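The values are calculated or read from the model by the stated rules, or taken from the named source; none is laboratory data. Just so it is clear, the structure is predicted and the values come from calculations on it, not from any experiment. Backbone-built Cβ (ideal geometry, glycine too); neighbour counts: all protein chains shown.
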Amino acid sequence: MSNKIIDHEVIQHLLFHKSLSGDAEDSSRIERYIEMVKQAESGEHLTIDNPFDKSIALAFELVIQQKLDPWAIDLVKFSSLYLKRARKERINLVVAGKILYMAWRILNMQSHDVMVNAEKSDNGDGGEDEISWGDLAIDEWYSDDETYSYTKMVVDKQKLPIIEPVRRKAARRVSLIELIEAFDKARKEAEEYQLLERLRKKEKERILREARSRMKGTVHEEHFEQDVEKVWKRIQQFNGRAIPFNALCNFENKDERIATLVALLHLAQDRKIRVYQRRFPFGKIYVKNIT
């Protein structure tokens, strides 16, 4: 089967789903996918600067070059091919690994929802849960959790830690549109997460500036270095584990709480620790030694 036939099948697959689309936004998104297929055919996708769009375009290229059936894609085979291709093109493996991981989680969640909704249908209780970076409990692109381990395995070229989505293996493979939609959703989640990280960073810098300004000429200023040293010693006792902010001070004592927070911001600025929230803006504050 030639690539031209595969290209035609891929485009027909996308056009079929476009014909089923009920709104302009979905149609526009599928049109963008079709354009990516054309770019993949001509090699133009390799010049795309945006790492997320490039990762999606790479998926189309793989389907075309490897002659994969757009109606029944083997996820394990696709994932292996995808990461090999990402290495070859020197695409940011952290981004590629994250997007692939997130796409798997989305597809797995969708499969789980189908199973749960089917079980609940008799009671009329259903609904689809949304999955986000917050649900994955990550604080940065590289963090000490399962997604970090996944990406590290990708970078270190270890065996892919892939688990088949619930019931997909037994029931059916995933279609190209499902896979690309999962990639696209992962891209959007990642962009939103990066925006929140920038906002967090700006807010942290603002709080630190204000705190230092208020401390000038006060008793707190005289004890600032001692506070920093005391908090740093407490953090080191946790041996690199994530620490809830309230475990580092008497949270009920306002002065101690403020002094500890200022010390943490100082240590974060010195790149000794990472301060983050798993759910912004009202989630618990965590601290992690990164030295």
| said: Just to check your reading of the model, which residue among Ala24, Ala72 is loosely packed, with under 15 Cβ neighbours inside 10 Å and modelled with pLDDT of 85 or more? | reply: Ala72
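Against the condition farther than 13 Å from Leu179 by Cα and either at pLDDT 80 or above or not assigned by TED's automatic domain parsing to the domain that holds Asp184 (or both), how does Lys67 come out, does it pass?
Details: farther than 13 Å from Leu179 by Cα: yes; either at pLDDT 80 or above or not assigned by TED's automatic domain parsing to the domain that holds Asp184 (or both): yes.
Yes; evaluated as a whole, the condition is true for this residue.
Pick out the one residue from Lys88, Lys77, Lys54 that is surrounded by fewer than 16 Cβ atoms within 10 Å (Cβ to Cβ) and either modelled with pLDDT of 80 or more or closer than 17 Å to Ala182 by Cβ (or both).
Numbers: Lys88 fails: either modelled with pLDDT of 80 or more or closer than 17 Å to Ala182 by Cβ (or both); Lys54 fails: surrounded by fewer than 16 Cβ atoms within 10 Å (Cβ to Cβ).
Only one candidate passes the filter, namely Lys77.
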| field | So Gln39, is it at pLDDT 80 or above, surrounded by 14 or more Cβ atoms within 10 Å (Cβ to Cβ) and more than 17 Å from Glu178 (Cβ to Cβ) | value | no
| request: Quick one: which helices (runs of 4 or more DSSP H) lie wholly within the stretch 188-291 and hold at least 1 residues that are modelled with pLDDT under 90 and of a type in the set (Phe, Trp, Tyr)? | output: 224-236
| Identity of the residue in the stretch 259-289, surrounded by 20 or more Cβ atoms within 10 Å (Cβ to Cβ) and among the hydroxyl-bearing types (Ser, Thr, Tyr), that ends up nearest to Glu197 (Cα to Cα) | Tyr276
